[in-house]
Amino acid sequence: MSELKFDKTKCADCQAVACLVKCQYIDLDRNTAKQEWQKVINGEDSFVLEACTTCYACEEYCPFENHPFYLIVERQEEKGILPAPRPIVTMWINQCQPVGKFMVGKIERKALSYCYLPQFNALVKGKLFNGIASSVIFGQEFFCNAVYLHYARTSVIKERLPKVLDNINKQGIKELVCLHDECYGTFTSLAPAYGIDVPFKPIHYFEYLYERLKEYKERIRPLNIKVAYQRNCSARLAPETDHFVDDIFSLIGAERLNREYDRENGLCCAEIFRMAKGPKLADEVQRRNIDDMVRVGAEYCVFNCPACWDSLADKVARKGIKPIHMIDLCKLAIGEEQSLKLPALTVEV
Ligand code: SF4
Ligand code: SF4
């Protein structure tokens, strides 16, 4: 089974220990961070392993591409530290296991991946998907499996990811547009970190949308809106894609508001914390995040990940901010309709 490529010597020379010092959930000075991180490296007990919320952010904070978060997850699994109740972990492992059967669209050399998220079926409509809409893969056979980073189960990822990659390869796909941000992070960060070959070119859907929008440039009517961008956990695995958010917004006349919880200081949807750390932390993080959107005068909240949408769309709408997925935002800019909407009636919480 593949082993994590982690370079201890980089940590020995690293004085800033940004992986832990910048952590938004564990408050450590540099000296303590250095000591605790050394324990994690050595495989000793460290409170960091219990305190980690699995927000993924230290993967971005490390300036040396040294995969601190993947190491934390390895250590959590070795020590039997579960960031969620065991029945929930087991349920996730069981319900997403490959079954050896799948349905795909009319696959071409270039294809779209819905991962295991049916929301993309609603989102993939209109001109931006002309010529590719039927070249689609979906289901647990193509599920990126990165979610198990939240459940201290890199062993499941290491076992299943090579099969998923093989399933994709067998379709003859040479270029895969990853509509789920987490798939792109899996193929460009997680797989290489474990020495797993990716036999096709992953393309982030931000890049895809940007290129398609340029094709329809004459149709673009600037939206002239102020937006809060909701940065998701897996964006931390591929921070090099963040500039496409700015590029797309600039093309379609959306102003990315300068707010406290965006970019490196972004807050994830926090729903995963609810199981791991209890509702108090999850509610508090969501409240801080949404209050920040309100404070800067956001008219729209733009979502990258459908899971963030499920966790937060209703809550931002209650504050008078329109939730919209990035794909739908691009559709609006060329005069098409938003497809992913909240139900008319929502339950009061
Ligand atoms: S993981 Fe990265 S940031 Fe953390 S101590 Fe090692 S080199 Fe420094
Ligand atoms: S994953 Fe998030 S909570 Fe865990 S150590 Fe890294 S930055 Fe901190």
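Residues in region 16-48 that are farther than 20 Å from GLU264 by Cα and not charged (D, E, K, R): ASN31, THR32, GLN35, TRP37, GLN38, VAL40, ILE41, ASN42, GLY43, SER46, PHE47, VAL48. Of the residues making up region 123-159, those that are of a type in the set (A, V, I, L, M, F, W, C) and either under 30 Å from THR53 (Cβ atoms) or out of contact with any strand residue (DSSP E or B) (no Cβ under 9 Å at 6 or more places or on another chain) (or both) are LEU123, LEU128, PHE138, PHE142, PHE143, CYS144, ALA146, VAL147, LEU149, ALA152, VAL156, ILE157. With the requirement that a residue be charged (D, E, K, R) and either touching a residue at least 12 places away in the same chain (Cβ under 8 Å) or surrounded by 22 or more Cβ atoms within 10 Å (Cβ to Cβ) (or both), what does region 180-216 give you? Result: ASP181, GLU182, ASP197, LYS201, GLU207, ARG212, LYS214. Confirm whether GLU175 is touching a Phe, Trp or Tyr at 6+ places or on another chain (Cβ under 6 Å) and acidic (Asp, Glu). It is false that GLU175 is touching a Phe, Trp or Tyr at 6+ places or on another chain (Cβ under 6 Å) and acidic (Asp, Glu). Against the numbered list (1) touching a residue at least 12 places away in the same chain (Cβ under 8 Å); (2) out of contact with any Lys or Arg (no Cβ under 9 Å at 6 or more places or on another chain); (3) hydroxyl-bearing (Ser, Thr, Tyr), SER135 comes up short only at (2).
When residues in region 137-162 are screened for being part of a helix (DSSP H, G or I) and modelled with pLDDT of 95 or more, 17 of them pass. Of the set (1) more than 21 Å from the chain's Cα centre (by Cα); (2) away from ligand 2 (no atom under 14 Å from the Cβ); (3) over 20 Å from VAL147 (Cβ atoms), all apply to ASP27 but (2).
The criterion of being of a type in the set (A, V, I, L, M, F, W, C), under 15 Å from the mean Cα position of the chain (by Cα) and more than 20 Å from LEU209 (Cα to Cα) does not hold for CYS183. Of the candidates LEU257, LEU281, LEU223, LEU251, the single residue that is hydrophobic (A, V, I, L, M, F, W, C) and either within 30 Å of PHE64 (Cβ to Cβ) or within 15 Å of the chain's Cα centre (by Cα) (or both) is LEU281. Taking the criterion of being of a type in the set (Lys, Arg) and within 14 Å of ligand 2 (Cβ to nearest atom), would at least one residue in region 5-21 satisfy it? There is no residue in region 5-21 that is of a type in the set (Lys, Arg) and within 14 Å of ligand 2 (Cβ to nearest atom).
When each of PHE64, PHE129, PHE102, PHE143 is tested for being under 18 Å from the mean Cα position of the chain (by Cα) and among the aromatic types (Phe, Trp, Tyr), the lone residue that passes is PHE143. Of the residues making up region 256-287, those that are of a type in the set (D, E, K, R) and more than 26 Å from PHE244 (Cβ to Cβ) are ARG274, LYS277, LYS280, ASP283, GLU284, ARG287.
Filter region 52-66 down to the residues that are away from ligand 2 (no atom under 11 Å from the Cβ) and at pLDDT 95 or above and list them by number. Result: PRO63, PHE64, ASN66. Among the residues of this structure, ASP291 counts as one that is over 20 Å from GLY253 (Cα atoms), among the charged types (D, E, K, R) and assigned to a helix (DSSP H, G or I).
The values are calculated or read from the model by the stated rules, or taken from the named source; none is laboratory data. Keep in mind it's a predicted model, so treat the numbers as computed, not measured. Cβ sites come from the backbone with ideal geometry, for glycine too, and all protein chains shown count toward neighbours.
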